1. Among the aspartates and glutamates, which fall within straight-line cross-link reach of Lys43, defined as a Cα-Cα distance under 17 Å, with same-chain neighbours fewer than 8 residues apart omitted?
2. Taking a probe of 1.4 Å, how large is the accessible area per residue of the stretch 5-50, in Å²?
3. Connecting C-alpha atoms closer than 10 Å in a GNM of the chain, tell me which of Glu70, Glu37, Glu47 has the biggest fluctuation.
4. Calculated from the structure, Rg and Dmax of the Cα atoms in Å equals which of (i) 18.6, 50; (ii) 11.3, 36; (iii) 13.5, 46?
5. Could you let me know the centre-to-centre spacing of the stretch 38-80 and the stretch 1-17, using Cα atoms, in angstrom?
6. With a 10 Å cut-off between alpha carbons and a GNM built on the chain, which of Arg46, Arg30, Arg64 moves the most?
7. Given a 1.4 angstrom probe, I'd like the percentage of the accessible area of the chain that is carbon and sulfur, rounded to a whole number.
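The values are calculated or read from the model by the stated rules, or taken from the named source; none is laboratory data. As the structure is a prediction and not an experimental result, all values here were calculated from the model. For accessibility, only protein heavy atoms count, side chains too; no ligands or nucleic acids. Shrake-Rupley method; radii C 1.70, N 1.55, O 1.52, S 1.80 Å.
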Amino acid sequence: MNTKLTLRLDDELIDSAKQHAARTGKSVSRIVADLFEMIRNEKQGRELPLPPVVKSLKGALKGRPVEENEYRKHLEEKYL
């Protein structure tokens, strides 16, 4: 069951939250709910499950040394 919650926040903070929501494709309500879920999980000592894309990449570089300068070069080649 979803229940309405009224929050009183600074206007600039609200604008910032709305902009972030638009950039990420989430509603402000979803962002607040995610934050409350993170707090609850932290108190219970649980971690949030990894999103499928992140889960598929986990361990991909295990045993392979990657230097920061190599990664920087890769990003420059990819995006510049």
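1. Lys43 reaches Asp34.
2. Numbers: 4200 Å² over 46 residues.
Per residue, the stretch 5-50 has 91 Å² of solvent-accessible surface.
3. Residue with maximal mean-square fluctuation among Glu70, Glu37, Glu47: Glu70.
4. Working out Rg and Dmax of the Cα atoms in Å from the coordinates points to (i).
5. Here the answer is 31 Å between Cα centres.
6. Arg64
7. Details: 4480 of 8150 Å².
Percent of accessible area from carbon and sulfur atoms in the chain: 55.
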